[in-house]
Amino acid sequence: MTMEIQLEAKAIQGLDLSPAQEQIAPLLAQGKLSAYEQQLRFSIDYPREDTDPRELSEIPEIRLWFIRLDAVYPWLPFLLDWKAGELARYTAMLIPHQFHRTDGIQFNPEALEIFVMGKTFVLIDWMQQQGIEPRSRLKAMTQMLGYELDDGFFDLTIKDRAI
């Protein structure tokens, strides 16, 4: 059930979210988002010179498109295909980082911590609204980004709720 969003230069340059909206809107309308948990991938077609060494997440226009997308769908990490690297790539679109030939992507530690906690709070509330158990899923998501969330954290944030 993998879902792929085809993202081309024209949409990126125009900050046009319709490629994503066309895929996500029907799922929202039908209440079927949970069926697409960790199923979303992006296919990005953005022309670059052969000598351009930048990764896609280092191109300001692409990053700006993803920042806009994140503002509209702040819960989108729930849908991203983590195993295919989409969570790491999405994170790289939104926070400062550097690429190292030997160590791979290196996120700014403070920015990553703020991102992880911000997404955790957004997703706790959103998942509860959707009737989805957040604890195990968010622990797994944050572990993918190098963080461990203690059960005590969830006790503080969801103590008055049924989930």
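None of the figures in this text is laboratory data; all of them are computed from the coordinates on show. The structure displayed is predicted, hence computed values, not measured ones. All Cβ positions, even for glycine, are placed from backbone atoms using ideal geometry, and neighbour counts span all protein chains on display.
Odds and ends about this structure:
- Relative to its residue count, segment 1-88 spans a Cα convex hull of 96 Å³ per residue.
- A straight Cα-to-Cα reach below 20 Å connects K139 with the aspartates and glutamates E37, D81, E86, E110, E113, D125, E148, D150, D151, D155, D160, residues fewer than 8 places away in its own chain not being considered.
- Expected 222 nm ellipticity per residue - DSSP helices of 4 or more, -39500 (n - 2.57), all of the chain, to 500: -15000 deg cm²/dmol
- Relative contact order (%) - the chain, alpha-carbon pairs under 8 angstrom, separation at least six: 18
- Local net charge near T142, Cβ-Cβ under 12 Å (Lys/Arg +1, Asp/Glu -1): +1
- Charge-dipole axis of the chain as Lys and Arg at +1 and Asp and Glu at -1 on Cβ define it, positive-most pick from F115, P60, M127: M127
- Under DSSP loop assignment and at most 16 Cβ neighbours within 10 Å, longest trypsin sites (Lys or Arg not before Pro)-free interval of the chain: 102-158
- Full-extension gain in nm, E22 to F99, via 0.36 nm per residue minus C-alpha separation: 24.5 nm
- Charge dipole (debye, nearest 20) of the chain; +1 at Cβ of Lys and Arg, -1 at Cβ of Asp and Glu: 320
- Exposed-site-free run, longest, the chain (rule: GluC sites (Glu not before Pro); DSSP loop; at most 16 other C-beta within 10 Å): 56-147
- A full extension of the chain between Q106 and L156 corresponds to an added length of 15.0 nm, given 0.36 nm per residue minus the alpha carbon distance.
- Compared with the dominant principal axis of the Cα atoms in the chain, helix 109-130 is inclined by about 60°.
- The long axis of helix 60-72 is offset from the longest Cα principal axis of the chain by roughly 30 degrees.
- Placing +1 on the Cβ of every Lys and Arg and -1 on the Cβ of every Asp and Glu, with nothing else charged, gives segment 62-112 a dipole about its Cα centre of roughly 140 debye.
- The chain: angle of helix 18-30 to the longest principal axis, Cα-based, in degrees nearest 10: 20
- Under 13 Å, Cβ to Cβ, from K10 - net charge with Lys/Arg +1 and Asp/Glu -1: -4
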